[in-house]
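For reference, the structure discussed in these notes is given below.
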Amino acid sequence: MKIIDNNGRLFGKVSVIDVLAVLVVLVLAAALYVKSHQQITGTSVDSQAITYQALAQGLPGYLEENIHVGDMVYDLNYESGGRPLGEITDIQVLPGSQLTAFTDGTYGLAQVEEGVNLLLTIRGEGLVTDRGYSLNRVYDLGVNSARTYCSKYAQFDVTVTHIF
């Protein structure tokens, strides 16, 4: 008696293709079981407070009134896990200036008429590793990174100046 006959059946009773289909389903079921019963180890790392300063340059004067201590800040362009990047803990109002191209082809800071610079101190939660800072475990933070932040009533461009 042959193991596989002329019609492709094992021992003349079951199709080889049916056996392979059953094996694939069993392997997929086993993989799903193993994946659903794995222990998550990524949550064992504790988040810690990260305080950083961000400079918003050349803002119109009216925006100063719309940014407050206690406001939560979000980034419009980068994913932060759906959570805020932190809370504004301090605001320093500085004379308004902005990087400008002069007529002689050079660049420099020029006064902004009726404008302000705001140095925001923001406190968030994240991971501090030897590779850097990560807010909400997914949002990489670095000095000199330019971002677009928003709060409840304002949207503004900032540059991260210090991380404590």
Checklist entry - Where in segment 53-79 is the amide nitrogen less than 20 Å from a point lying 7 Å along the Cα-to-Cβ axis of Ser145? => result 53-57, 72-79
Next on the checklist: Projecting each Cα onto the charge dipole of the chain (Lys/Arg +1, Asp/Glu -1 at the beta carbon, about the Cα centre), which of Val128, His37, Asn144 comes out farthest on the positive side?
Outcome noted: His37
Item to check | Solvent-accessible heavy-atom area per residue, rounded to whole Å², over the chain at 1.4 Å | outcome: 68 Å²
Item to check | segment 49-111: GluC sites (Glu not before Pro) falling in loop per DSSP and having at most 15 other Cβ within 10 Å | outcome: Glu65, Glu79
Checklist outcome for this item: Those trypsin sites (Lys or Arg not before Pro) from segment 1-31 that are DSSP loop and have at most 15 other Cβ neighbours within 10 Å turn out to be Lys2, Lys13
Checklist entry - Among the lysines, which have Cα under 28 Å from the Cα of Lys13 when same-chain residues fewer than 8 positions away are ignored? => result Lys2
Checklist entry - Over the chain, what is the relative contact order in whole percent, taking alpha-carbon pairs under 8 Å and six or more residues apart? => result 26 percent
Next on the checklist: Using helices alone, I'd like the mean residue ellipticity at 222 nm for the chain: each DSSP H run of four-plus residues gives -39500 (n - 2.57), total over residue count, nearest 500.
Outcome noted: -5000 deg cm²/dmol
Checklist outcome for this item: Ranking Ile3, Val24, Tyr107 by how far each Cα lies towards the positive end of the charge dipole of segment 1-117 (+1 on Lys and Arg Cβ, -1 on Asp and Glu Cβ), the top one is Ile3
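May I ask you to give the percent of accessible area on the chain that is carbon plus sulfur, with a probe radius of 1.4 Å?
Of all accessible area on the chain, carbon and sulfur atoms account for 56 percent.
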Checklist entry - Looking at segment 26-131, which trypsin sites (Lys or Arg not before Pro) are DSSP coil and have at most 11 other C-beta atoms within 10 Å of their C-beta? => result Arg131
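Taking the Cα centre of segment 8-164 as the origin, how large is its charge dipole in debye, to the nearest 20, when only Lys and Arg (+1) and Asp and Glu (-1) carry charge on their Cβ atoms?
Dipole about the Cα centre, nearest 20: 1240 debye.
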Next on the checklist: Using a 7 Å offset from the Cα along the Cα-to-Cβ direction at both Tyr62 and Ser47, what is the distance between the two label points in nm, to one decimal?
Outcome noted: 3.5 nm
Item to check | Residues in segment 65-95 that a label on Tyr153 would reach, taking backbone N under 16 Å of a point 7 Å out along Cα→Cβ | outcome: 65-73, 88, 91
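The values are calculated or read from the model by the stated rules, or taken from the named source; none is laboratory data. Since the model is a prediction, treat every value here as computed from it, not as a measurement. Glycine also receives a Cβ, built like all others from the backbone with ideal geometry; neighbour counts cover every protein chain displayed. Accessible surface is based on the protein model in full, side chains and every heavy atom, while ligands, DNA and RNA are left aside. Shrake-Rupley method; radii C 1.70, N 1.55, O 1.52, S 1.80 Å.
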